[in-house]
1. Out of Ser163, Ser85, report the one residue that is farther than 20 Å from Thr44 by Cβ and free of Cβ contacts under 8 Å to residues at least 24 places away in the same chain.
2. Could you identify the single residue in Val90, Val95, Val69, Val109 that is touching a Lys or Arg at 6+ places or on another chain (Cβ under 7 Å), within 22 Å of Gln180 (Cα to Cα) and aliphatic (A, V, I, L, M)?
3. Please tell me if Ala120 is assigned by TED's automatic domain parsing to the domain that holds Trp51, modelled with pLDDT of 90 or more, over 21 Å from His55 (Cβ atoms) and touching a Cys at 6+ places or on another chain (Cβ under 8 Å).
4. So the check is Cβ under 9 Å with 6+ separation or different chains; which pairs have a first residue in the range 46-60 that's closer than 11 Å to Ser176 by Cβ and a second one that's assigned to a helix (DSSP H, G or I) and of a type in the set (Val, Ile, Thr)?
5. Restricting attention to the range 66-100, which residues are within 15 Å of Phe173 (Cα to Cα) and acidic (Asp, Glu)?
6. Of everything in the range 37-62, what is surrounded by 11 or more Cβ atoms within 10 Å (Cβ to Cβ) and either aliphatic (A, V, I, L, M) or at pLDDT below 95 (or both)? Give them in sequence order.
7. Going through Thr121, Thr86, Thr102 one at a time, which residue ends up being in contact with a Leu (Cβ under 9 Å, 6 or more places away or on another chain) and of a type in the set (Ser, Thr, Tyr)?
8. Considering every residue within the range 98-107, establish whether at least one is modelled with pLDDT of 95 or more and not hydrophobic (A, V, I, L, M, F, W, C).
Amino acid sequence: MYRIALATFLTLFVASSVACGGGGDDPGSDAGGEPDSFLAFTQTFAPFRTWPSFHSDGPADDGSFNADVLGPRTQYINKLPPPGSTVFPVGTVIVESRENGTMKIFAGVKRGLGYNTNGATNWEWFELTEDLTAQVKVQIQWRGVGPPLGDTYGGDPNGTCNSCHMGCAANDFICSSKLQLTAF
């Protein structure tokens, strides 16, 4: 009986590991190439300050942005896209740490499987918090296609992540001048 239970457990474990892409940290590490989907969790963001990064002064203050959107920021990306890419691979994680008065941290994760089809297709948006004194230093404040009701993105009570990112469809919905796919 024990052998049957053990064999059943091992069969289910192996099947679930294969079905879930093996559970590795590199979302593109499975033998089939790029995965169909990727779900980010708190631990996904934990090492973001060790990733390749780019500093930006942010968008020009032309009167169309709220103060929270303006100002310098550092953008971190977990893995640069392969040269010649026309889209960011599923599993790409981009974190933007604002260096203005609010010091907010936002992120985009290339989730895949048609997520957010009415917005920046395949992207999920996040607000993160960081507390260097806590045991878990980076936490997810919210996640989804935009902030929760009652919250704002970039200080705009009517704004959502998709409001701006839809205008950057030619660069797979990533607006940063430092993360243009043509640069890789």
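1. Going through Ser163, Ser85 in turn, just one is farther than 20 Å from Thr44 by Cβ and free of Cβ contacts under 8 Å to residues at least 24 places away in the same chain: Ser163.
2. Just a single option satisfies the conditions, and that option is Val90.
3. Taking the combined requirement at face value, the residue satisfies it.
4. Partner pairs satisfying both residue conditions: Gly58/Val69; Pro59/Val69.
5. Hit for the range 66-100 is Glu96, nothing else.
6. Matches in the range 37-62: Leu39, Ala40, Ala46, Ser56, Asp57, Gly58, Pro59, Asp61.
7. Thr86 is the lone residue from the list that is in contact with a Leu (Cβ under 9 Å, 6 or more places away or on another chain) and of a type in the set (Ser, Thr, Tyr).
8. No: the range 98-107 contains no residue that is modelled with pLDDT of 95 or more and not hydrophobic (A, V, I, L, M, F, W, C).
The values are calculated or read from the model by the stated rules, or taken from the named source; none is laboratory data. Keep in mind that what you see is a predicted model, and the values were worked out from it rather than measured. We place every Cβ from the backbone using ideal geometry, glycine too, and count neighbours over all the protein chains shown.
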